[in-house]
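Visitor: What follows is a single structure, and I will ask about it in a moment.
The values are calculated or read from the model by the stated rules, or taken from the named source; none is laboratory data. In this text the structure is predicted, and so the values were computed from the model without any measurement. Cβ coordinates were reconstructed from backbone atoms using ideal geometry, including for glycine residues, and neighbour counts include every protein chain displayed. When the accessible area is computed, the model is the full protein with side chains, heavy atoms only, and any ligands, DNA or RNA have been set aside. Shrake-Rupley method; radii C 1.70, N 1.55, O 1.52, S 1.80 Å.
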Amino acid sequence: MVKICCLGAGYVGGPTMAVIALKCPAIEVVVVDISTARIAAWNSDQLPIYEPGLDDVVKQCRGRNLFFSTDIERHVAEADIIFVSVNTPTKSRGLGAGKAADLTYWESAARMIADVSKSDKIVVEKSTVPVKTAEAIEKILTHNSNGVRFQILSNPEFLAEGTAVQDLFNPDRVLIGGRETREGRAAVQRLKQVYAHWVPEDRILTTNLWSAELSKLAANAFLAQRISSVNAISALCEATGADVSEVAYAVGRDSRIGPKFLGASVGFGGSCFQKDILNLVYICECHRLSEVADYWRQVIRINDYQKSRFVNRVVASMFNTVSGKKIAVLGFAFKKDTGDTRETPAIDVCNGLLRDRAAVTVYDPQVTEEQIRRDLAGRETASQVAVAPDAYSATRGAHGVCILTEWDEFKSLDFAKIYGGMEKPAFVFDGRNVVDAGKLRDIGFIVYSIGKPLDAWLKDLPPV
Ligand code: NAI
């Protein structure tokens, strides 16, 4: 029986390994983590992450050929293939601070693998890492190997949170990069055989190591760029009276462009886009490609601009002050169908409102109060934050509502009821273009939708 061990039981490691275990009953998969709390949650009925369909997959194979454990060294020693799916955040201090990837977790994982391995291993980079990380990892492993041979593969993950299980069941492609040696090619084939249990062969791409590493950074940069592109156009739509949904639809009908990822919004979030673009920018700078670095940096700048533009719209519409006014924030996760709040635009929007002394009440169907308070922790503003158990109590007595995540339930809220409980004039600022603005206007709301023709109320205000 082939044994797989995965270091890191997070948003990527957990779902990916659960799907491998489901699709490959003859493979034993053990997911290990340094966080005992996370492993305990994976072994409980309350999984540590919310992902549609994940509970079912885990229930089917946990205890059969899928295990979650904190006994890291034992399972690494026993494994044939080791996936490393640890976090790779942006460095917060030292050389490359604010841009470069922090590979501390990766390096300590690699040193531990070298220490405990007694048999040859295939080590798979699942984390998103800077180009040439495999080379560094290879050096750490071979210099500490005691004669054990390691093959390093890059197998970046392309799943999206919120649709992780579907993405894993039916990936557009699986990418495997390896050394172009006999041993390297053999290792690539072994990993390919794992995915071939359910992924059609023509969707399993094999490349050299560096192409695989760079493809992941480039794919995230391209995706984020589409969002910033349409968000940049949304500002122009508001200034001219064009409607960004109509423009995006017309643009996306061009088969060379395509319709996906063209929804204007308050901005992108998540743990990956910003971090991976910063990482790309840093790599470009290291290679003295400052024009290329500036090009990609602009994708992040537009994202920051879009968030502050939204806050400015809220404040400007409400007589230039939100001080002491209750603002209901509906949605805090960075997108629907996940409870993940890493880099969510809601943090920057809430902080902007809090700085203007608003009383912010947040409701999100999947994010806990504890998490919201942690994300908005600031000494002076903590007392201005409240968390509500549902959208109706969040909006009661509010002057304005900001919709910051596109949760389906927000589309079917009883807005007449909400309007009845709010201060007047009552405002809705739709940061995801999910509500029917016409219907809300008929109820009596003043509505701002990103990139859409402005209400007379907003039109008379100075341009944002
Ligand atoms: P995460 O933070 O949810 O999970 C990482 C886990 O690794 C944590 O539970 C941590 O305790 C554990 N860990 C750290 N050092 C360890 C060690 N030495 N041994 C064992 N466990 C260790 O991170 P997430 O979101 O799963 O991301 C992991 C990697 O995958 C990152 O590089 C990310 O860029 C990449 N990625 C993330 C995607 C996403 O949608 N979240 C999608 C594609 C790639």
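Visitor: Mind checking which residues of segment 394-403 are touching a Lys or Arg at 6+ places or on another chain (Cβ under 7 Å) and in a loop (DSSP other than H, G, I, E, B)?
Guide: GLY397, ALA398, HIS399
Visitor: Looking at LEU95 and the list (1) within 11 Å of the ligand (Cβ to nearest atom); (2) of a type outside the set (D, E, K, R); (3) open to solvent by 10 Å² or more (accessible area, probe 1.4 Å), which single condition is not satisfied?
Guide: Here LEU95 meets the rest and fails (1).
Visitor: Just checking, which of GLN371, GLN366, GLN384 is free of Cβ contacts under 8 Å to residues at least 40 places away in the same chain, within 22 Å of GLN46 (Cα to Cα), open to solvent by less than 80 Å² (accessible area, probe 1.4 Å) and not hydroxyl-bearing (Ser, Thr, Tyr)?
Guide: GLN371
Visitor: Among the residues of segment 156-214, which ones are outside any loop (DSSP other than H, G, I, E, B) and of a type in the set (D, E, K, R)?
Guide: ASP167, ARG182, GLU183, ARG185, ARG190, LYS192, GLU201, ASP202, ARG203, GLU213
Visitor: Residues in segment 100-118 that are more than 13 Å from the ligand (Cβ to nearest atom) and either free of Cβ contacts under 8 Å to residues at least 12 places away in the same chain or open to solvent by 50 Å² or more (accessible area, probe 1.4 Å) (or both): how many?
Guide: 1
Visitor: Could you say which residue among ASP80, ASP115 is closer than 14 Å to VAL30 by Cβ and in contact with a helix residue (DSSP H, G or I) (Cβ under 9 Å, 6 or more places away or on another chain)?
Guide: Going through ASP80, ASP115 in turn, just one is closer than 14 Å to VAL30 by Cβ and in contact with a helix residue (DSSP H, G or I) (Cβ under 9 Å, 6 or more places away or on another chain): ASP80.
Visitor: Can you tell me which of (1) open to solvent by 50 Å² or more (accessible area, probe 1.4 Å); (2) at pLDDT 95 or above; (3) more than 16 Å from the ligand (Cβ to nearest atom); (4) at positive phi is the one GLU343 doesn't meet?
Guide: Failed condition: (3).
Visitor: So if I check each of VAL123, VAL84, VAL129, which one is more than 10 Å from the ligand (Cβ to nearest atom) and touching a residue at least 24 places away in the same chain (Cβ under 8 Å)?
Guide: Just a single option satisfies the conditions, and that option is VAL123.
Visitor: Okay, next question. Somewhere in segment 275-291, is a residue more than 25 Å from GLY10 (Cβ to Cβ), touching a residue at least 60 places away in the same chain (Cβ under 8 Å) and either of a type in the set (Gly, Ala, Ser) or away from the ligand (no atom under 16 Å from the Cβ) (or both)?
Guide: yes
Visitor: I would also like to ask the following. Against the definition (in a helix (DSSP H, G or I), open to solvent by less than 50 Å² (accessible area, probe 1.4 Å) and over 18 Å from ASN351 (Cβ atoms)), how does ALA293 come out, yes or no?
Guide: yes
Visitor: Among (1) buried (at least 20 other Cβ atoms within 10 Å of the Cβ); (2) within 15 Å of the ligand (Cβ to nearest atom); (3) farther than 30 Å from ILE277 by Cα, which single condition is VAL57 missing?
Guide: Condition (2) is where VAL57 drops out.
Visitor: Tell me which residues, restricted to segment 188-244, are among the hydroxyl-bearing types (Ser, Thr, Tyr), farther than 23 Å from PHE150 by Cβ and in contact with a Lys or Arg (Cβ under 9 Å, 6 or more places away or on another chain).
Guide: Matches in segment 188-244: SER228, SER234.
Visitor: Of all residues in segment 11-40, how many are closer than 17 Å to GLU161 by Cβ and in a helix (DSSP H, G or I)?
Guide: Final tally of qualifying residues: 8.
Visitor: Within segment 132-169, take every residue that is of a type in the set (Gly, Ala, Ser) and over 18 Å from TYR11 (Cβ atoms) and give me the one that is farthest from the ligand (Cβ to nearest atom).
Guide: Among residues in segment 132-169 that are of a type in the set (Gly, Ala, Ser) and over 18 Å from TYR11 (Cβ atoms), the one farthest from the ligand (Cβ to nearest atom) is GLY147.
Visitor: Do we find that ASP172 is surrounded by fewer than 14 Cβ atoms within 10 Å (Cβ to Cβ), of a type in the set (D, E, K, R) and within 16 Å of the ligand (Cβ to nearest atom) in this structure?
Guide: Criteria met by ASP172.
Visitor: From ILE49, ILE34, which residue is open to solvent by 70 Å² or more (accessible area, probe 1.4 Å), modelled with pLDDT of 95 or more and within 12 Å of the ligand (Cβ to nearest atom)?
Guide: It is ILE34.
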